[in-house]
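Asks: Structure in structure tokens, see below.
The values are calculated or read from the model by the stated rules, or taken from the named source; none is laboratory data. Here the structure is a predicted model, which is why all the values come from computation and not from measurement. Because the Cβ atoms are built from the backbone with ideal geometry, glycine has one as well, and the counts that use them run over all protein chains shown.
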Amino acid sequence: MRRFLFALGLVLVVAPLAAQQPPRRRVVPGEPSAMARVVMELDRQEASLRRLSAALKRDAFIVSKLVEATGDLRDFQRNSAIQEAIDHVNQAIRRAHQEPQASAQTKLALSSMKDDLEAARKQPMMADLAKLEKKMLERTRVVQFEMVQLLDDVRKERLALADILVRVTRVTSELDEGTNEALGATFSSFRAGGE
């Protein structure tokens, strides 16, 4: 009940004061306010950050599948080892072609790995699995390098977002303090008999 009375009193006090005060800044009809422009930019940046996050998840998935494929080559059953490696590389290739798509470099590395594995599958007893494993590790480094670059971009964006959050929190606190002081002064004025 006290909250309701306080809110009602606040509306009854602030509304007449707001009606009497001329606007402090000139508002151009149809032009968005400064805060509306900030929100629009935030919407645009949010979409960009979501794409960056999705790309990082994509590359992490691809690297994990390539590591599994490389580990599969250590199996003593050559046919099974090669087939399992091909399956993991195929999963990585499918993920690389989903949105957001991987870079051309990553797609080329994956395609080369698949070609090497397919050639080994045709002649499993002749395939040098140790050499094939080494080639796969070299090509995995290409994808890992791109993932690390994305990780650095994400880190930079995260630091910027943390800075923005601190600033918004500080400004919000200052606005709250100013509003509380203004309302306190207004209520004090009414208690003293002012209008």
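Asks: Could you please give the count of residues in region 103-137 that are touching a Lys or Arg at 6+ places or on another chain (Cβ under 6 Å) and in contact (Cβ under 8 Å) with a residue 40 or more places away in the chain?
Replies: Result for region 103-137: 2.
Asks: Give the number of residues within region 123-141 that are in a helix (DSSP H, G or I) and modelled with pLDDT under 90.
Replies: Within region 123-141, residues that are in a helix (DSSP H, G or I) and modelled with pLDDT under 90 number 2.
Asks: Let me ask something else about it. I want to confirm something. Restricting to region 136-187 and keeping residues that are over 30 Å from I82 (Cα atoms) and of a type in the set (S, T, N, Q), which single residue is surrounded by the most Cβ atoms within 10 Å (Cβ to Cβ)? Reasoning before the result, please.
Replies: Start the filter on region 136-187 by keeping residues that are over 30 Å from I82 (Cα atoms), which leaves 149-187.
So of that shortlist, the ones also of a type in the set (S, T, N, Q) come out as 149, 169, 172-173, 179-180, 186.
Numbers: Q149: 12, T169: 10, T172: 10, S173: 10, T179: 10, N180: 10, T186: 16.
Top of the filtered list is T186.
Asks: What's the total number of residues in region 100-115 that are assigned to a helix (DSSP H, G or I) and surrounded by 19 or more Cβ atoms within 10 Å (Cβ to Cβ)? Walk me through it before giving the result.
Replies: From region 100-115, those assigned to a helix (DSSP H, G or I) are 104-115; that's our starting set.
Now narrow it down to the ones that are surrounded by 19 or more Cβ atoms within 10 Å (Cβ to Cβ): 106, 109-110, 113.
Residues in region 100-115 being assigned to a helix (DSSP H, G or I) and surrounded by 19 or more Cβ atoms within 10 Å (Cβ to Cβ): 4 in total.
Asks: Looking at (1) closer than 30 Å to R167 by Cβ; (2) in a helix (DSSP H, G or I); (3) not basic (K, R), find the lone condition where E118 falls short.
Replies: (1)
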